[in-house]
Ligand code: WT7
């Protein structure tokens, strides 16, 4: 076959799996022939307070646009993730917590997590939080993060989790956009041996968030931090004043569950809104199918709860399926680059799910840090967040998985709620680098730039022609932006922003974003956001940012910067600009390359020709294409001559 080695489904996987190859084909057929029945069963995996009778009500057309699933049903997400397991699994571990340095770890049973969730819910209620209110959560990877999310779900509040790596400015923007009155944070976080000043960041952010009345602070470290009287209180003090039971709020299936901000090609980050019934059903269904999950197995997704992967595969999917889910506070290479595998051995992890960037970084350290650990409990490996290069896939398979563990390369997006394309370990032969085929009921399509549908083995822009229950419902506060962003490029279809190739076996190979979004170490960034941060610096007149291939990060951040008259290029200014972007957005957004450019390539109408900037950044100088339509073709010569060593 043209795409290299194919790894067949191991026999024992075909035998044990929820879905073998025949069952997968049958499920896909069923979804085509009896969609109503197929989707009803997906919804019925949840416990409903009022069972739904309507299954799907969707139109992607502007005239009658709507996305509604299970819309006349009522349920509570925290009940589905906690209460319903208590009778049979109350004493089973729900969450294993592994601290940054590994000196402490903790276990919470389902019974304990329910009690803690109820305490959090009661604390929020005592603060006046009501159904529909937004609560911002800015916490490290500690069990309180899961409990606070579930507590919001219990009382019908809408959480907005902000990754602890975001700057005060980014945090403030997210608090303001959804108008949340409450912020939950910690005095400090610990990550890779470094202190993250979470509370100090909140204090800074709140200078521009007059609407915030209360800050609830978890003590993660012994450090004392300034507390503003009347606004800030320690969770440890508040929890002593409340009971550990709390009646769940019945929620309509289409009531909001959470907002999660994500970067797009233009403008400010969008508040992706997910709702209650469809999201949880899809997170749970995909978690069971993709990871062939059975209750009680130890599942570890390394993602931070500040990203969608953490929402769907640390908290909601696993807990809905009565999993033992591991929450890891640290990073892959601290204290040593054996850490992931030591944690797997320590907690007997069976299913391990991480990002390609982590695999590439560990691969660089060689095999020994892996080989010195056992990993004998691991049965299944997964990746998410960016394309995985076959070399990294093969290393993950051979070295980490000792050749015995299938790898599920799961493709999805913040917008899709949970996986849409992935191999199933008992059903799908694997091709390194391919997310293989759509899950049952998922309808991918490739189109060309004009929207013409492309059949067979081909490459194109990836759309989805129909809905699935976990699809985002709107951009918080801006429904028009939702429709324009996703449903107008190719009218009547959801456009993912990704390019993909489909091979002769119908396998998909995601080639990356075709818009101005870049994926840096699995973190999604809009080039426009970085540009806007750069032009906020006093020395900068104009900036254009593109991605370029980066060995470890997947993509690196390449910035072309034009200085104001009277400013002069220098290494000091480069360092200053790098630090500036770090502070404006967050450390993970720090530019890799800054090239000072006297001018940027623009069309006569003033549009920056990013295609040319990308080619220069990629060092693909033979393919700059036609530059004759530029207002000033000479700027390209200067850019090429002064190209920075981007590698
Ligand atoms: C973008 C979405 C999926 C949750 C975490 C990231 C890229 C994601 C894969 C994969 C190739 C992937 C796409 C997508 N992406 N998974 N398995 N193979 N590319 O969510 O931050 O919303 O980013 O990540 O480009 O559009 P996100």
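Within the range 339-396, can you find the residues that are outside any helix (DSSP H, G or I), farther than 21 Å from residue 105 by Cβ and within 16 Å of the ligand (Cβ to nearest atom)? Before the answer, list the steps.
Of the residues in the range 339-396, the ones outside any helix (DSSP H, G or I) are 348-355, 364-367, 372-389.
From what's left, farther than 21 Å from residue 105 by Cβ: 355, 364-367, 379-389.
Of everything in the range 339-396, those that are outside any helix (DSSP H, G or I), farther than 21 Å from residue 105 by Cβ and within 16 Å of the ligand (Cβ to nearest atom) turn out to be 355, 380, 381, 382, 383, 384, 385, 386, 387, 388, 389.
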### Query
Taking strands (runs of 3 or more DSSP E) that fall entirely within the range 202-309, which contain at least 1 residues that are away from the ligand (no atom under 16 Å from the Cβ) and without any contact (Cβ under 8 Å) to a residue 40 or more places away in the chain?
214-218, 232-234
### Query
What is the number of the single condition among (1) within 16 Å of the ligand (Cβ to nearest atom); (2) surrounded by fewer than 23 Cβ atoms within 10 Å (Cβ to Cβ) that residue 404 does not meet?
(1)
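For (1) under 19 Å from residue 144 (Cα atoms); (2) surrounded by fewer than 19 Cβ atoms within 10 Å (Cβ to Cβ); (3) modelled with pLDDT under 95, each residue gets a yes or a no:
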residue	(1), (2), (3)
175	no, no, no
185	yes, no, no
190	yes, no, no
193	no, yes, no
199	yes, no, no
205	no, no, no
212	no, no, no
216	yes, no, no
221	yes, yes, no
### Query
Just a yes or no: is a residue in the range 409-418 touching a helix residue (DSSP H, G or I) at 6+ places or on another chain (Cβ under 8 Å), outside any loop (DSSP other than H, G, I, E, B) and more than 30 Å from residue 277 (Cα to Cα)?
no
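Collect the residues in the range 556-576 that are free of Cβ contacts under 8 Å to residues at least 60 places away in the same chain and surrounded by 13 or more Cβ atoms within 10 Å (Cβ to Cβ), keeping them in residue-number order. Lay out the reasoning, then the answer.
Restricting attention to the range 556-576, the residues satisfying the condition of being free of Cβ contacts under 8 Å to residues at least 60 places away in the same chain are 557, 559, 561-576.
The answer is 557, 559, 561, 562, 563, 567, 569, 573, 574, 576.
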### Query
Do you know which residues across the range 178-188 are closer than 30 Å to residue 475 by Cβ and either assigned to a loop (DSSP other than H, G, I, E, B) or free of Cβ contacts under 8 Å to residues at least 60 places away in the same chain (or both)?
179, 180, 181, 182, 183, 184, 185, 186
### Query
Do any strands (runs of 3 or more DSSP E) lying entirely in the range 438-513 carry at least 3 residues that are modelled with pLDDT under 95 and within 16 Å of the ligand (Cβ to nearest atom), and which ones are they?
508-513
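Filter the range 514-532 for residues that are away from the ligand (no atom under 12 Å from the Cβ) and in contact (Cβ under 8 Å) with a residue 60 or more places away in the chain and give the result. Reasoning before the result, please.
First, the residues of the range 514-532 that are away from the ligand (no atom under 12 Å from the Cβ): 516, 527-532.
Across the range 514-532, the qualifying residues are 516, 527, 528, 529, 530.
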### Query
In the range 383-390, is there at least one residue being modelled with pLDDT of 95 or more, in contact with a helix residue (DSSP H, G or I) (Cβ under 6 Å, 6 or more places away or on another chain) and surrounded by fewer than 22 Cβ atoms within 10 Å (Cβ to Cβ)?
no
### Message
Looking at residue 551 and the list (1) in contact (Cβ under 8 Å) with a residue 24 or more places away in the chain; (2) touching a strand residue (DSSP E or B) at 6+ places or on another chain (Cβ under 8 Å), which single condition is not satisfied?
### Response
(2)
### Summary
Every listed condition ((1) within 16 Å of the ligand (Cβ to nearest atom); (2) closer than 30 Å to residue 277 by Cα; (3) in contact with a helix residue (DSSP H, G or I) (Cβ under 8 Å, 6 or more places away or on another chain)) holds for residue 426 save (1)
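The values are calculated or read from the model by the stated rules, or taken from the named source; none is laboratory data. Being a predicted model, the structure only gives us computed values, none of them experimental. All Cβ positions, glycine included, derive from the backbone under ideal geometry; neighbour counts span all protein chains shown.
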